[in-house]
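Following: one structure in structure tokens, then a few remarks.
The values are calculated or read from the model by the stated rules, or taken from the named source; none is laboratory data. Bear in mind the structure is a predicted one, so any value in this text is a computation, not a measurement. Note that we place each Cβ from the backbone using ideal geometry, even for glycine, and neighbour counts take in every protein chain shown.
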2 protein chains.
Amino acid sequence: MYQKGAQKRRDIIEAASRLIYEKGYDQTSFTDIAEEADLNRGNFYHYFQSKDDILEAVIEHRLAGIKAMLAGWEVEFKTPQERLKRFVQILKNSENDIVQFGCPMGTLHSELGKCKKEEQEISRQMFDAFRDWLKVQFKELGVGREAGAYAMRLLAYLQGIGAMSYAYADPAILRRETRELDRWIDTVVAGQKSA
Amino acid sequence: MYQKGAQKRRDIIEAASRLIYEKGYDQTSFTDIAEEADLNRGNFYHYFQSKDDILEAVIEHRLAGIKAMLAGWEVEFKTPQERLKRFVQILKNSENDIVQFGCPMGTLHSELGKCKKEEQEISRQMFDAFRDWLKVQFKELGVGREAGAYAMRLLAYLQGIGAMSYAYADPAILRRETRELDRWIDTVVAGQKSA
DNA sequence: GTCTATAATTCGATAGAC
DNA sequence: GTCTATCGAATTATAGAC
């Protein structure tokens, strides 16, 4: 039955994605995923060829989610200013997870960079998706050829806020600094309008 | 001979610190450290009681280095503006390492947060050292009770820049964003002088 | 203090019956 | 597709001779 197999595969990916987020890729074993996805441990290789294969499926799954989210924002919000603020809002919406496990994208990418450089290149696609989308927003704001730099800057500050909120497990840091980032966006917008 | 044993212990700590930085804590095995420190694998437990014990010694060693560095800057630079810029300069001075392995403090803290929350509290002392020192500098600048927030903000932005330079293995990101951070410091200083 | 040998687990991965 | 059983390698950690 194809449907059943496909659903089980999705279950495994979602369980693995959550565990990789909470425990890290290396610390997530087949035993862990099997328990979470209600799967027999020996039955893994029917769905995936290797542990790296699961990782790639998880990243692919996350990437699809990111792209769908960004596409949705294009429809939901009319101005780049609103869209950029919605981007910053990600942090507040995942506040509890961020302070406990960090940014799912940043912490995974950091771990993979240490010993699995090939896999890191795959996970970088998640950053690329945000970066490209942010660049479009800044271009619409009219910052011209600085759009790429602004996109990277906002991405970096978001990563930094996530990292420090995680380091101190403190939602107050997250809230204060996201407000500051919102103000920064207003400043950029105001700077363009006056120009 | 006490001297010899103490020197060997320092060798182990320095080898472990480097390997933990480059490969991550979990991926760094006793075999790796033994090779690097020219030590017999079975002889580890003469110097350390467990792998966590080595980790704590590494963090202690790094922390001492950080505190000595910050104390040195207090003497070397006369104004808080110069000191803050020297802090940002850290990134450029370690450019090659940062783009390849990320921030040694940030990536370790991120890894420990996933599964070893107790050890994370120890590694947080490194952040505390920078945070406290930065707070003093901002206080000297005259930002008043906002000093703590400014300290955290600068720490966060530095982490973010490190994370993105690492993610894209791109020194250009590092250089551009550190220049931007220097300008931000100038802005804060100017804001205080005019007030 | 230094060495060899090995215990005790855990891991990813495989084989094969049903 | 699902299950049990297990391999081979790697890991941290220990025991004990020298």
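Restrict the check to the range A:35-49 and report whether at least one residue is outside any helix (DSSP H, G or I) and touching a residue at least 40 places away in the same chain (Cβ under 8 Å). Yes - at least one qualifying residue is present in the range A:35-49. Within the range B:13-29, the residues that satisfy the criterion of being surrounded by fewer than 17 Cβ atoms within 10 Å (Cβ to Cβ) and within 8 Å of DNA strand D (Cβ to nearest atom) are B:Gln27, B:Ser29.
Modelled with pLDDT of 95 or more, closer than 30 Å to B:Asp53 by Cβ and not charged (D, E, K, R): is that true of B:Gly162 in this structure? Steps first, answer last, please.
On the way: modelled with pLDDT of 95 or more: yes; closer than 30 Å to B:Asp53 by Cβ: yes; not charged (D, E, K, R): yes.
The answer is yes for B:Gly162.
Selection of first residues in the range B:11-22 that are under 11 Å from B:Phe101 (Cα atoms) and within 14 Å of chain A (Cβ to nearest Cβ) and of second residues that are hydroxyl-bearing (Ser, Thr, Tyr) and not in a helix (DSSP H, G or I), restricted to Cβ pairs under 6 Å at least 6 apart or on distinct chains, gives the following pairs, ordered by first then second residue: B:Leu19/B:Thr28; B:Ile20/B:Thr28. In summary, B:Phe44 fulfils each of the numbered conditions (1) surrounded by 19 or more Cβ atoms within 10 Å (Cβ to Cβ); (2) at pLDDT 95 or above with the single exception of condition (2). Screening the candidates A:Ala169, A:Ala149 for the property of being at the interface with another protein chain (Cβ under 9 Å from one of its Cβ atoms), over 12 Å from the mean Cα position of the chain (by Cα) and not in a helix (DSSP H, G or I) yields one hit, A:Ala169. Pairing residues of the range B:126-145 that are more than 13 Å from chain A (Cβ to nearest Cβ) with residues that are at pLDDT below 95, at Cβ distances under 6 Å and at least 6 apart in sequence or on separate chains, gives B:Leu141/B:Gln192; B:Gly142/B:Gln192. Considering the range B:25-53, the residues that are more than 15 Å from DNA strand C (Cβ to nearest atom) and in contact with an Asp or Glu (Cβ under 9 Å, 6 or more places away or on another chain) include one that is nearest to B:Gly102 (Cα to Cα), namely B:Tyr25. Counting only residues that are basic (Lys, Arg) and either in contact with a strand residue (DSSP E or B) (Cβ under 7 Å, 6 or more places away or on another chain) or in contact (Cβ under 8 Å) with a residue 60 or more places away in the chain (or both), the range A:50-76 holds 2 of them.
Considering B:Ile161, B:Ile185, which residue is in a helix (DSSP H, G or I), within 9 Å of chain A (Cβ to nearest Cβ) and touching a residue at least 40 places away in the same chain (Cβ under 8 Å)? Full working, then the answer.
On the way: B:Ile185 fails: within 9 Å of chain A (Cβ to nearest Cβ).
Within the list B:Ile161, B:Ile185, the selection yields B:Ile161.
Kindly establish whether A:Asp53 is surrounded by 12 or more Cβ atoms within 10 Å (Cβ to Cβ) and among the acidic types (Asp, Glu). Yes. Taking the condition more than 16 Å from DNA strand C (Cβ to nearest atom) and either more than 22 Å from A:Ile161 (Cα to Cα) or surrounded by fewer than 20 Cβ atoms within 10 Å (Cβ to Cβ) (or both), does A:Thr107 pass? Criteria not met by A:Thr107.
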